[in-house]
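Working notes for the structure below.
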Amino acid sequence: MQILIFNSYTTGQKHKLDNPLSAEDCSSPDRLKSRIKELCGFNDEGWHDNSRDYRLPAGEMFSGPLSVQLKEGLKQIREHEDYGKTSIDLYYPWYYCRVDGKQSPVSENDIIVPFDTSPLHELEVLEFDESEVPERTVDLLESYDLVFSLLRPDDIASLQRVFEVERSVPIIFLLPKSQRKAVNEDLPNVHVVETGRTLQKRLRTTNWALKGAVMRRLCEAACRDGFQVFEEVRKDPQQLREIILQKS
């Protein structure tokens, strides 16, 4: 089974700069290219200063509590002897911070530069048009057997054209009850597993780390009880809560 975790960017980043990539920097292709070059440590003459080179793989850039919990779970599952036939990939939806300039979702291995995440909270709805960004995102999701979304409601709203497509692949959104309306649960293979304060207390974690803790506990359960737990969740997404609460 091939599993995708679609995660939001977080403000916690390894490089804490006064001038990370901003919304204004994305206003034109030339400005964006220039700012990314600067954040990669190059000056106008093309000289490189290693102390000003802030690029990292996306999977290493984020240091917030959600990312810490998620990466701990991924580390455990990927080191397990049964890992292989079942694998988990981590992607992020927004591409402006990519060093390679591609307009497509960012994998954990893609190189990015630090950026101000606040502009991502007020994104326009991406339409199916000449950019083909939603199309590429749909193709990515459809290439997996199971998708977990840790996205915020703002991210989901911006990508709503992607999630409106009737899909053959189950996608499980982790959302508190108050945010369920962000997702159209009438669509085939769209599911919501509720998070929220009760689950937070049961897992003894914080609200900021909760979604990452859920995925960490699922990976731990797979390592303990067998990788068939992912198939159990694929068939019945609501089993996820019971699985992660065992021995809690």
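The values are calculated or read from the model by the stated rules, or taken from the named source; none is laboratory data. Everything numeric here is computed off the predicted structure, so don't read it as measured data. Glycine gets a Cβ as well: all are built from the backbone with ideal geometry, and neighbour counts include every protein chain shown. These accessible areas exclude ligands, DNA and RNA; they are computed on the full protein's heavy atoms, side chains included. Shrake-Rupley method; radii C 1.70, N 1.55, O 1.52, S 1.80 Å.
In this structure, is Asp18 in a helix (DSSP H, G or I), out of contact with any helix residue (DSSP H, G or I) (no Cβ under 7 Å at 6 or more places or on another chain) and surrounded by fewer than 19 Cβ atoms within 10 Å (Cβ to Cβ)?
No: the conditions fail for Asp18.
Of all residues in the stretch 31-46, how many are in contact with an Asp or Glu (Cβ under 7 Å, 6 or more places away or on another chain) and touching a residue at least 12 places away in the same chain (Cβ under 8 Å)?
Going through the stretch 31-46 one residue at a time, the tally reaches 4.
Restrict the check to the stretch 103-110 and report whether at least one residue is among the charged types (D, E, K, R), within 24 Å of Ile171 (Cα to Cα) and at pLDDT 95 or above. I'd like the intermediate steps shown before the answer.
If we filter the stretch 103-110 for residues that are among the charged types (D, E, K, R), which is where we start, we get 108, 110.
Keeping just the survivors that are within 24 Å of Ile171 (Cα to Cα) gives 108, 110.
Now restrict to residues that are at pLDDT 95 or above: 108, 110.
Checked the stretch 103-110: at least one residue is among the charged types (D, E, K, R), within 24 Å of Ile171 (Cα to Cα) and at pLDDT 95 or above.
For the stretch 34-56, give me each residue that is assigned to a loop (DSSP other than H, G, I, E, B) and surrounded by fewer than 14 Cβ atoms within 10 Å (Cβ to Cβ).
Filtering the stretch 34-56 for residues assigned to a loop (DSSP other than H, G, I, E, B) gives 40-41, 43-47, 49, 53-55.
Selection gives Asn43, Asp44, Glu45, Gly46, Trp47, Asp49.
Give me the pairs: first residue in the stretch 165-187 and closer than 19 Å to Asn7 by Cβ and in a loop (DSSP other than H, G, I, E, B), second residue open to solvent by less than 30 Å² (accessible area, probe 1.4 Å) and modelled with pLDDT under 95, beta-carbon distance under 6 Å, and six or more apart or on different chains, which are they?
Pairs that qualify, where the first residue is closer than 19 Å to Asn7 by Cβ and in a loop (DSSP other than H, G, I, E, B) and the partner is open to solvent by less than 30 Å² (accessible area, probe 1.4 Å) and modelled with pLDDT under 95, are Pro176/Thr195; Pro176/Gly196.
What are the pairs with Cβ atoms under 8 angstrom where one residue, in the stretch 47-58, is within 12 Å of Gln13 (Cβ to Cβ) and the other, located anywhere, is of a type in the set (Phe, Trp, Tyr)? Sequence gap at least six, or different chains.
Ala58/Tyr92
Within the stretch 68-80, is there a residue that is surrounded by fewer than 14 Cβ atoms within 10 Å (Cβ to Cβ), modelled with pLDDT under 95 and among the acidic types (Asp, Glu)?
no
When you check Leu151 against the structure, is it open to solvent by less than 60 Å² (accessible area, probe 1.4 Å), in a loop (DSSP other than H, G, I, E, B), touching a Ser or Thr at 6+ places or on another chain (Cβ under 8 Å) and closer than 26 Å to Arg234 by Cβ, yes or no?
yes
Please find, within the stretch 82-91, the residue that is most open to solvent (accessible area, probe 1.4 Å) out of those that are modelled with pLDDT of 95 or more and not hydroxyl-bearing (Ser, Thr, Tyr).
Among those residues, the one meeting the criterion is Asp89.
Checking the structure you have, find out if any residue of the stretch 124-138 is in contact (Cβ under 8 Å) with a residue 40 or more places away in the chain, part of a strand (DSSP E or B) and either in contact with a helix residue (DSSP H, G or I) (Cβ under 8 Å, 6 or more places away or on another chain) or surrounded by fewer than 19 Cβ atoms within 10 Å (Cβ to Cβ) (or both).
From the stretch 124-138, those in contact (Cβ under 8 Å) with a residue 40 or more places away in the chain are 137; that's our starting set.
In the following step, the residues that additionally are part of a strand (DSSP E or B) were identified as none.
Within the stretch 124-138, none of the residues are in contact (Cβ under 8 Å) with a residue 40 or more places away in the chain, part of a strand (DSSP E or B) and either in contact with a helix residue (DSSP H, G or I) (Cβ under 8 Å, 6 or more places away or on another chain) or surrounded by fewer than 19 Cβ atoms within 10 Å (Cβ to Cβ) (or both).
Any idea which residue in the stretch 67-99 is farthest from Leu146 (Cα to Cα), counting only those that are among the aromatic types (Phe, Trp, Tyr) and part of a loop (DSSP other than H, G, I, E, B)?
Residues of the stretch 67-99 among the aromatic types (Phe, Trp, Tyr): 83, 91-92, 94-96.
Still in the list and also part of a loop (DSSP other than H, G, I, E, B): 94-96.
Working: Trp94: 20, Tyr95: 22, Tyr96: 26 Å.
Only one residue tops the list, namely Tyr96.
Failed condition for Tyr92, given (1) free of Cβ contacts under 8 Å to residues at least 60 places away in the same chain; (2) within 22 Å of the chain's Cα centre (by Cα), with all others met?
(1)
Residue by residue through the stretch 188-200, note down the ones that are in a loop (DSSP other than H, G, I, E, B), within 27 Å of Ser63 (Cβ to Cβ) and at pLDDT 90 or above. Before the answer, list the steps.
Of all residues in the stretch 188-200, those in a loop (DSSP other than H, G, I, E, B) come to 188-189, 195-196.
Subsequent filtering for residues that are within 27 Å of Ser63 (Cβ to Cβ) retains 195-196.
Correct list: Thr195 only.
Looking only at the stretch 201-218, decide whether some residue is part of a helix (DSSP H, G or I), without any contact (Cβ under 8 Å) to a residue 12 or more places away in the chain and not aliphatic (A, V, I, L, M). Explain how you work it out, then say what you get.
Just the residues of the stretch 201-218 that are part of a helix (DSSP H, G or I), to begin with: 201-202, 210-218.
Among the residues that remain, those that are also without any contact (Cβ under 8 Å) to a residue 12 or more places away in the chain are: 201.
Add one more test, that the residue is not aliphatic (A, V, I, L, M), and what stays is 201.
The answer is yes, given that some residue of the stretch 201-218 is part of a helix (DSSP H, G or I), without any contact (Cβ under 8 Å) to a residue 12 or more places away in the chain and not aliphatic (A, V, I, L, M).
Could you list, in sequence order, all residues of the stretch 1-14 that are out of contact with any Lys or Arg (no Cβ under 9 Å at 6 or more places or on another chain) and modelled with pLDDT under 95?
Tyr9, Thr10, Thr11, Gly12, Gln13, Lys14
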